[in-house]
Amino acid sequence: MPAVVVVGSANVDFTVQVDRAPKPGETIFGRNLLISFGGKGANQAVAARRAGAVVAFVGKVGQDQHGEQIRTHLETVGIGEAGLISDASCATGVAFILVEPDGRNQIVVASGCNYRLTPAEIEARDHLLTGEILLLQLETPVETVFSALRRAKEKGMRTILNPAPATHLPQEVFPLVDLLTPNETEASTLTGIAVEDRSGAEEAGAKLLAMGCGGVIITLGADGALWMSKDGAQHFPGFSVQPVDSTAAGDAFNGALAAALAEGSVLEEAIPFANAAGAVATTRRGAQESLPDRAAILALVSSVK
Ligand code: RIB
């Protein structure tokens, strides 16, 4: 039985390094094209698997070359393809990523089949929605996310929603979320509060709790993460690393968090573990190839003890 179930997107990523992002109407040269397996859903599933969890993934790809490659890849990484739906009427999702010298990125996603994953298809795979944790993002339709959350709560699973990419959500979603894990931008979008420092994060976190989430973890990049619950706020510092590519760092955080919680860790242990996973991911290029295994995460955690 899986410990962590991820419902979400699967993409193929095309990443290019640039000296700076182009201006409107400008053509620039990039270098070192990297073609990776990506998509926030599949990234988080692989991150949880590498962090040590037994993982199931539910998502949708096209009946095309990229879809077949993703299917084979999910088998190879030990997740399996039982939850991967193929649809001939849409293309597998792709993402185009520019990475600047300081590791910051810009991403454009062509969702393709990811945005055709329906609530009915989740219901038809109800047997896969079992385990400790359901982990979701927002690269699939909100109604699909809502229906998976509702079913997971009925089954007594703990739910984590990483509200990425940033968008507005209907109010009825929040009470179904045990842990919401926005970054600063996403927390701002959801609350209308500017989140530029820890005090802005606390204000946004308080609002998200009032909207019905069980708990909120706002990721703060190099500054770590802020956990807010009914008992108050707790800050967990980031790890000092030399970033080369921030792609999938948030996914590394969420996957590792889910894996740690699924094996019984409390949040005081799970958040530093997840922070370390995110930090390691920034030191490597690409999406899924940047996701650390358990040993690499624990090595960074113990390096500061
Ligand atoms: O979070 C990073 C991911 O966002 C990339 O892998 C890309 O596919 C987009 O989904």
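Remarks
- Total residues in the stretch 175-200, condition outside any strand (DSSP E or B), closer than 16 Å to Val6 by Cα and more than 16 Å from the ligand (Cβ to nearest atom): 3
- Scanning the stretch 62-70 turns up at least one residue that is within 16 Å of the ligand (Cβ to nearest atom) and touching a Cys at 6+ places or on another chain (Cβ under 6 Å).
- All conditions in (1) within 26 Å of Pro182 (Cα to Cα); (2) within 16 Å of the ligand (Cβ to nearest atom); (3) in a helix (DSSP H, G or I) hold for Phe57, with the sole exception of (3).
- When residues of the stretch 145-163 are limited to those that are away from the ligand (no atom under 16 Å from the Cβ) and within 19 Å of the chain's Cα centre (by Cα), the one surrounded by the most Cβ atoms within 10 Å (Cβ to Cβ): Ala148
- Of the residues making up the stretch 188-222, those that are under 19 Å from Leu257 (Cα atoms) and modelled with pLDDT under 95 are Gly221, Ala222.
- Taken over the stretch 207-233, the criterion of being crowded, with 17+ Cβ neighbours inside 10 Å and of a type in the set (S, T, N, Q) is satisfied by Thr219 alone.
- Any hit, the stretch 37-53, residues being in contact (Cβ under 8 Å) with a residue 40 or more places away in the chain, within 16 Å of the ligand (Cβ to nearest atom) and in a strand (DSSP E or B): yes
- Condition met for Phe14 (within 12 Å of the ligand (Cβ to nearest atom), more than 16 Å from the chain's Cα centre (by Cα) and modelled with pLDDT of 95 or more): yes
- Number of the exception - Lys60 against (1) closer than 22 Å to Leu34 by Cβ; (2) in contact (Cβ under 8 Å) with a residue 60 or more places away in the chain; (3) not polar (S, T, N, Q): (1)
- One residue stands out among those in the stretch 145-174 that are in a helix (DSSP H, G or I) and among the small types (Gly, Ala, Ser): the one that is farthest from Glu121 (Cα to Cα), which is Ala152.
- Qualifying residue in the stretch 18-32 (condition: of a type outside the set (Gly, Ala, Ser), within 21 Å of Ser290 (Cβ to Cβ), within 16 Å of the ligand (Cβ to nearest atom) and modelled with pLDDT of 95 or more): no
- Selection status of Ala82, within 30 Å of Glu172 (Cβ to Cβ), surrounded by fewer than 17 Cβ atoms within 10 Å (Cβ to Cβ) and within 16 Å of the ligand (Cβ to nearest atom): no
- Of the residues making up the stretch 1-48, those that are among the β-branched types (Val, Ile, Thr) and surrounded by 13 or more Cβ atoms within 10 Å (Cβ to Cβ) are Val4, Val5, Val6, Val7, Val12, Thr15, Val16, Val18, Ile35, Val46.
- The number of residues in the stretch 85-140 that are within 11 Å of the ligand (Cβ to nearest atom), among the small types (Gly, Ala, Ser) and surrounded by fewer than 17 Cβ atoms within 10 Å (Cβ to Cβ) comes to 1.
- Entry remark, the stretch 100-127: residues being assigned to a helix (DSSP H, G or I), touching a residue at least 12 places away in the same chain (Cβ under 8 Å) and more than 17 Å from Gln44 (Cα to Cα) number 9 in total.
- Residues of the stretch 164-174 that are in contact with a helix residue (DSSP H, G or I) (Cβ under 9 Å, 6 or more places away or on another chain), at pLDDT 95 or above and either more than 16 Å from the ligand (Cβ to nearest atom) or basic (Lys, Arg) (or both): Leu169, Pro170, Glu172, Val173, Phe174.
The values are calculated or read from the model by the stated rules, or taken from the named source; none is laboratory data. A quick note: this is a predicted structure, and the numbers were derived from the prediction, not measured. Using ideal geometry, Cβ is built from the backbone for each residue, glycine included, and neighbour counts are taken over all protein chains shown.
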